[in-house]
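In what follows, a single structure is set out as structure tokens and then discussed.
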Amino acid sequence: MRSRGPASALSHQLQNRLHGQAARHHLDNKVRQKSMKSNRRVKMLGGHRTKMKVVVVGGGVIVFFLLTLTLTLSLLQLLTFNKFISQGSRQDRKKDGPNNRTLAIIMGSFRGGEISWQTMASNVLDTSSADLAILIPEDDVNALNSSLYKRAKYKWTFKNYEDWGEAVDLINGTKWNGSEWRKLALDDYDTSASIFGGVEDYSGSGAIIFMIRWFLYNHIKENNLTEKYDHFMVTRSDHYYQCIHNISEFSVGNRNLWIPPGQDYRGRTDRHLICGSDDVLDALDIFPTFMRSNWVRNMTGINTEQLLSRVWEEKKLNVNYFDRVMFTTALPSDTTRWAWAEDPVPGVPGLLLKYPVEYDMVQDVCPRSSFVQIVLSSVTGQ
């Protein structure tokens, strides 16, 4: 085996060095290639991220637009629905009609029985589209058990005084010409004076009638009813309405009052009244006006109907008459301070006529067929 010479060794070293440089160059190329690939990947990734940002931003705009559109549509649907409901409500109100502008008021103890009360419901309240108010004694069991009590929108009570002079004491300014009213009554009016009926030993029911009106006057004011109603009817419970009595058709205002004819005793009947909102308080303000007047000492023989006429005249209220369509009734069990009923109502077993003259007047106005129909309806409940 031949040994290598210096030249061969040098050549061999040179080759090795060249091979090493080539290897390093190759390695560097691989590193650069990897770096370039990595950079390309980074650039590609960056591009993807940019695209993702664009997509995300674009998606957000789309989502926002869709949400806005959804909310807008929902709002439009809600507004449309509300408009539909409002239209429906208006239609319902139109169908039901406006609020009742007529008020019928029953004052005093309930008498006459359910048959009579049903005629008020059908021939007065229903016909007039009227609301009902009642002002009754605290202990009135008949009223509590009546169909009209259940129907009433306003229910008021008053104390049933043993001595109605205590009620008169409630009125402000109960002095006449410097004298207390009791002293004046005892000095100038004997116990037959019906205008003080209910006070001490006085006969009749005048003080009761007019004090109940005073209570009613205050209830109307306290409840602001003159702003809520145009027509007022003030009546009693024991009327039998043989035919239709439409309160809302009466011409009220201009100081006009309406009452039925008969039973006026040289004055004005105190059993039934129709008037407007401008005049109802004046029409009820009887005893206080009487107490303030300067003619009280000259009216010692006056009855309740005459006192009513005198006060209305002083207040310049115009009294008009309508054809009587009702008559006063009673049950055998009804109590009274004045007139007792004896004559039966023709065709209505168990019901009595309190004032036959009223019944006769009604027969001239209401057809007999209407009376028969009312009786049949009361019996059959239809």
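Of note:
- One decimal place: the segment residue 218-residue 161 gains 18.7 nm when fully extended, by the rule 0.36 nm per residue minus the C-alpha distance.
- Placed amide H near residue 257: partners under 5 Å, 5+ positions off or other chain: 318, 319, 320
- Of 159/183; 150/316; 153/221; 159/221, those spanning more than 27 Å from alpha-carbon to alpha-carbon: 150/316
- Computed from label points 7 Å out along Cα-Cβ, the spacing between residue 153 and residue 246 is 1.9 nm.
- Evaluating kT/(6 pi eta Rh) at 20 °C and 1.002 mPa s, with the Kirkwood radius of the range 102-380 over Cα pairs in the Stokes-Einstein relation, gives 111 µm² s⁻¹.
- Residue by residue, the range 232-246 carries 3J(HN,Hα) couplings of 10, 10, 10, 8, 10, 8, 9, 7, 9, 8, 6, 9, 4, 10, 8 Hz when phi is fed to the Karplus relation 6.51 cos²θ - 1.76 cosθ + 1.60 (θ = phi - 60°); x denotes Gly or Pro.
- Of the chymotrypsin sites (Phe, Trp or Tyr not before Pro) in the range 203-267, the ones in a loop by DSSP (not H, G, I, E or B) with at most 16 other beta carbons within 10 Å are 265.
- Förster-model FRET efficiency, 22 Å R0, residue 294 and residue 182, C-beta, rounded to 0.05: 0.70
- Annotation note: chymotrypsin sites (Phe, Trp or Tyr not before Pro) in the range 279-315 located in DSSP loop regions with a Cβ neighbour count of at most 11 within 10 Å are 295.
- Amide H contacts of residue 355 (H built 1.01 Å from N, in plane; Pro and chain starts excluded): 328 sit under 5 Å, all sequence-distant by 5 or more or on other chains.
- Exposure proxy ranking, count of Cβ atoms within 10 Å, fewest first, for 316, 221: 316, 221
- Of the chymotrypsin sites (Phe, Trp or Tyr not before Pro) found in the range 325-354, the ones in coil according to DSSP and having at most 13 other Cβ atoms within 10 Å of their Cβ are 338, 340.
- Cβ-derived FRET efficiency at R0 30 Å, residue 171 paired with residue 200, nearest 0.05: 0.95
We did not get these values from a lab; they are worked out from the coordinates using the rules stated. Fair warning: this is a prediction, and the values are worked out from it, not measured in the lab. With ideal geometry, Cβ positions are generated from the backbone for all residues, glycine too; neighbour counts draw on all protein chains shown.
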